[in-house]
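Novice: Here it is, the structure in full.
What follows is calculated from the coordinates using simple rules that are stated; it is not laboratory data. This structure is a prediction, so every number in the text was calculated from the model and none was measured. Heads up, the Cβs are rebuilt from the backbone with ideal geometry, glycines too, and the neighbour counts pull from every protein chain shown.
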Amino acid sequence: MTGAGALIGQLERLIKEIFLLLGQYTAIGLVFTAKSIARYDKISKSQAFAEYYLIGSLFSIISVLVLYVLLIL
């Protein structure tokens, strides 16, 4: 499926935002863990991909937190 990664990223951020709004902070960790397990093989074999994955994940978390703060204020 073309663009599956982008769609997964958008859905991931939506799920994290919903969990934040519901006060389910630990569930966000579960989303991150599930994503990491799904990508474990590629992460463990490629340092470049591991760094790319970490940067993308941190950016995703930061963007969700910024949106959350903007929605709350």
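Novice: Restricting attention to the chain, which GluC sites (Glu not before Pro) occupy a DSSP loop and are surrounded by at most 11 other Cβ atoms within 10 Å?
Specialist: Sites meeting the loop and neighbour criteria: none at all.
Novice: Whole number please: convex hull volume per residue, Cα atoms of the chain, in Å³.
Specialist: For the chain, the hull spanned by Cα atoms encloses 88 Å³ per residue.
Novice: How far is it, in nm, from the label point at Y53 to the one at Y40 when both lie 7 Å from their Cα along the line to the Cβ?
Specialist: My value for the distance between the label points is 1.0 nm.
Novice: Still on this structure: Nothing charged except the Cβ atoms of Lys and Arg (+1) and of Asp and Glu (-1): what's the magnitude of the dipole of the stretch 15-72 about its Cα centre? Round to the nearest 20 debye.
Specialist: 140
Novice: Also: Rounded to the nearest 20 Debye, what is the dipole magnitude of the stretch 6-47 about its Cα centre when Lys and Arg each give +1 and Asp and Glu each give -1 at the C-beta?
Specialist: Using only the charged Cβ atoms, the result is roughly 160 debye.
Novice: While we're on this one: Put +1 on the Cβ of each Lys and Arg and -1 on the Cβ of each Asp and Glu in the chain; which of I28, L71, Q47 then has its Cα farthest toward the positive end of the dipole?
Specialist: Q47
Novice: For the chain, what is the relative contact order in percent, using Cα pairs closer than 8 Å and at least 6 residues apart in sequence?
Specialist: Worked out over the chain, it gives 36 percent.
Novice: Whole-Hz Karplus ³J(HN,Hα) for the stretch 52-65, in order, using 6.51 cos²θ - 1.76 cosθ + 1.60 and θ = phi - 60°, x for Gly and Pro?
Specialist: Using θ = phi - 60°, the values come out as 4, 5, 5, 4, x, 5, 5, 4, 4, 5, 4, 5, 5, 5 Hz.
Novice: I need L65, L7, L70 ordered by Cβ neighbour count within 10 Å, fewest first.
Specialist: Listing L65, L7, L70 from fewest to most nearby Cβ atoms yields L70, L7, L65.
Novice: Once phi is turned into ³J(HN,Hα) by the Karplus curve 6.51 cos²θ - 1.76 cosθ + 1.60 with θ = phi - 60°, what whole-Hz value does each residue of the stretch 19-36 show in order, with x for glycine and proline?
Specialist: Per residue, the Karplus-derived 3J(HN,Hα) values read 4, 4, 5, 8, x, 9, 5, 5, 5, 5, x, 5, 4, 4, 5, 4, 5, 5 Hz.
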